[in-house]
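*Asks:* This is the structure I have questions about; it appears just below.
The values are calculated or read from the model by the stated rules, or taken from the named source; none is laboratory data. Nothing here was measured: the structure is a model prediction, and the numbers come from that model. Cβ atoms come from the backbone with ideal geometry, glycine included; neighbour counts cover every protein chain shown.
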Amino acid sequence: MTYSLAIANGDLVKNGDQLAIVYGVDKLKQDMTCWLVERYGGNKFHTDHGSILEEYIGKTINSNTQAQIYSEILRVLHNYQSRQYRAFTANPSLFALSELMYSIDHVDIKISYDTVKATISVSNPASTATVTISPTSL
């Protein structure tokens, strides 16, 4: 099973005198959120990591906005899934089923005047994970 340091509101989470960790479905949710809110190209070691969703902040929302955000979310999640698959095939004993993204089940984009909210549901053989992001308030 892999794990990550827990993040809440952009900061590391303390658990007593140690840093908290996330694993399983909570790690999957945190990873998806990080990949979606991280600026594309912001990591020099993983140049394909992140999204361009922050570019929508302050822009006029028009009839194409929903399709563009939907497309960007799918691009990011497929990229994440591809990287996860490569790591899993290289060393499957490191992973638990609950942290693997098996399928992207639903992406729902809601636009209300000047706010965009995306709810993403993915599943694996062990669980379902849902995250909600708002690109206009990254």
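*Asks:* For the stretch 91-106: of the residues being part of a helix (DSSP H, G or I) and touching a residue at least 12 places away in the same chain (Cβ under 8 Å), which is farthest from Gly24 (Cα to Cα)?
*Replies:* Leu94
*Asks:* To continue, here is another question. Taking interchain pairs and intrachain pairs at least six residues apart, which have beta carbon atoms under 6 angstrom, with the first residue in the stretch 37-63 and outside any loop (DSSP other than H, G, I, E, B) and the second surrounded by 12 or more Cβ atoms within 10 Å (Cβ to Cβ) and aromatic (Phe, Trp, Tyr)?
*Replies:* Ser51/Tyr40
*Asks:* Is one or more of the residues making up the stretch 8-22 at pLDDT below 95, surrounded by 12 or more Cβ atoms within 10 Å (Cβ to Cβ) and not β-branched (Val, Ile, Thr)?
*Replies:* No.
*Asks:* While we're here: Exactly one condition in (1) in contact with an Asp or Glu (Cβ under 7 Å, 6 or more places away or on another chain); (2) within 18 Å of Ser4 (Cβ to Cβ) is not met by Leu53; state its number.
*Replies:* The single condition Leu53 does not satisfy is (2).
*Asks:* Please count how many residues of the stretch 16-30 are of a type outside the set (A, V, I, L, M, F, W, C), touching a residue at least 40 places away in the same chain (Cβ under 8 Å) and either on the phi > 0 side of the Ramachandran plot or not in a strand (DSSP E or B) (or both).
*Replies:* Qualifying residue count, the stretch 16-30: 3.
*Asks:* A further question on this structure: Looking at Ile120, Ile73, Ile69, Ile111 in this structure, which one is surrounded by 12 or more Cβ atoms within 10 Å (Cβ to Cβ), over 17 Å from the mean Cα position of the chain (by Cα) and not hydroxyl-bearing (Ser, Thr, Tyr)?
*Replies:* Numbers: Ile120 fails: over 17 Å from the mean Cα position of the chain (by Cα); Ile73 fails: over 17 Å from the mean Cα position of the chain (by Cα); Ile69 fails: over 17 Å from the mean Cα position of the chain (by Cα).
Within the list Ile120, Ile73, Ile69, Ile111, the selection yields Ile111.
*Asks:* Still on this structure, I have one more. Tell me yes or no: at least one residue of the stretch 68-75 is touching a helix residue (DSSP H, G or I) at 6+ places or on another chain (Cβ under 7 Å), assigned to a helix (DSSP H, G or I), under 24 Å from Gly24 (Cα atoms) and charged (D, E, K, R).
*Replies:* Within the stretch 68-75 (the criterion being touching a helix residue (DSSP H, G or I) at 6+ places or on another chain (Cβ under 7 Å), assigned to a helix (DSSP H, G or I), under 24 Å from Gly24 (Cα atoms) and charged (D, E, K, R)), the answer is no, since none of the residues qualifies.
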